[in-house]
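Here is the structure we will look at, set down as structure tokens.
Taken together, the values in this text are just the output of simple stated rules run on the coordinates, not laboratory data. Note that the coordinates shown come from a computational prediction; the quantities given were computed from them, not determined experimentally. A quick note on method: Cβ atoms are made from the backbone with ideal geometry, for glycine too, and the neighbour counts reach across all protein chains shown.
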Amino acid sequence: MSMNLIPSTLSTGSALDAYRQQLDIVSQNIANAQTTRTEKGTPYQRQMVSFEAVLDGAQIAGVRIGEITNDTRPGPRLYQPSHPHAGDDGFVQMPNVNLTTEMVDMIKASRAYEANLSVAKTSRQMAQKALEIGR
């Protein structure tokens, strides 16, 4: 029988990984905020992340990315007749990426990542103190 000296490491590690992935998705959204044509010939669609709990029996053991979905809402149409992707009416269909929303999502994910990192550091320090007491 093994003893887990730092019980929060698995759940904290999974949260760190999930929030890192969310930051990657937010970064992709920001990087493509002006992409009017993808390989499919359509404007870039904002991606959204949903989380789900990882269960160990009846207890929550961590978190992971449940799915990454495309935001299907249309982006704005801008009148730019000289743009290479403008239609016959002079309008360009832009991506549905709102930079303000992305920045809020980035701040939330960064703060959650930092909080989980702090938990991991504190758990490690507590385990080290417990080992010192046992000496």
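Structure above, values below:
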{"item": "Helix-derived mean residue ellipticity, 222 nm - over the chain, DSSP H n ≥ 4, -39500 (n - 2.57), to 500", "result": "-15500 deg cm²/dmol"}
{"item": "Between segment 106-135 and segment 11-69, the alpha-carbon center distance in angstrom", "result": "24 Å"}
{"item": "Angle in degrees between helix 9-31 and the longest Cα principal axis of the chain, rounded to the nearest 10", "result": "10 degrees"}
{"item": "Ordering of 64-72, 103-111 by packing [mean C-beta count within 10 Å, highest first]", "result": "103-111, 64-72"}
{"item": "Order by protection proxy (mean Cβ within 10 Å, highest first), peptides 79-88, 114-123", "result": "114-123, 79-88"}
{"item": "Length gained when the stretch Leu99-Arg135 is fully extended (0.36 nm per residue, less Cα-Cα span)", "result": "7.6 nm"}
{"item": "Residue-span extension gain [Lys121 to Glu39] - 0.36 nm each, minus C-alpha spacing", "result": "25.2 nm"}
{"item": "Entry for semi-axes √(5λ) of the Cα gyration tensor in Å (calculated from the structure that is shown) out of [x] 45, 15, 9; [y] 43, 21, 12; [z] 25, 16, 15", "result": "[x]"}
{"item": "Pairwise label distance in nanometres, Tyr79 with Asp24, each label 7 Å out on the Cα-Cβ vector", "result": "4.2 nm"}
{"item": "Principal-axis tilt of helix 99-133 within the chain, Cα atoms, nearest 10 degrees", "result": "10 degrees"}
